[in-house]
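Reviewing the structure listed below.
No lab work stands behind these numbers, since they all come straight from the coordinates. Everything quoted here is computed from the prediction, not taken from an experiment. No Cβ is skipped: glycine too gets one built from the backbone with ideal geometry, and neighbour counts run over all protein chains shown.
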């Protein structure tokens, strides 16, 4: 499917120069008489190479047809993660690089949307926030619970975040997966 460069957004998968590319950033600018252009930063899904290309907003690029499926996270495997389709029980291995820093919030039995191109995983969509249990936390210091003192705690996934001083081991907290910020207690 052809799409104009001005309509390309972050997260789109493009077929460009015989390879699949994941768009990681799009910036539009206006250059005098030449008109408007889109500067697209993209990552090659085969070798991880990152490239920035400049296109006129009216240039047409091939957008790859991507199918999205809801899968359940099962376990971590060597070099990646294993997800299962709850409808048919089929398991999919997802490369570690595809998740990036989002792996810090990947809890067992979590349902995620995964993008597939010709039955190959090309994208993982983490929800904007997740609820996780605190597994390690220093006890609150008397007098610090009424102020905005923060401390670092460890979550069930192994990730560390800053939380208010009153949060203790065993509490379930909501975390923003994009900014790694504490959002509240569950």
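Some points to look at:
- Residue exposure sequence - 63, 103 - by fewest surrounding Cβ within 10 Å: 63, 103
- Relative to the current alpha-carbon distance between residue 77 and residue 102, full extension at 0.36 nm per residue lengthens the span by 7.4 nm.
- Between residue 90 and residue 63, the modelled label-to-label distance comes to 2.5 nm, taking each label 7 Å out from Cα in the direction of the beta carbon.
- Computed lengthening from residue 186 to residue 2, 0.36 nm per intervening residue step minus Cα-Cα distance: 61.8 nm
- Using a Förster distance of 25 Å, the FRET efficiency for residue 169-residue 125 (Cβ separation, nearest 0.05): 0.25
- On full extension, the segment bounded by residue 49 and residue 135 gains 27.3 nm, given 0.36 nm per residue less the C-alpha separation.
- Packing order of peptides 46-55, 16-25, highest average first: 16-25, 46-55 (average count of other Cβ atoms within 10 Å over each peptide's residues).
- The modelled label-to-label distance between residue 36 and residue 179, using points 7 Å beyond Cα along the C-beta direction, is 2.9 nm.
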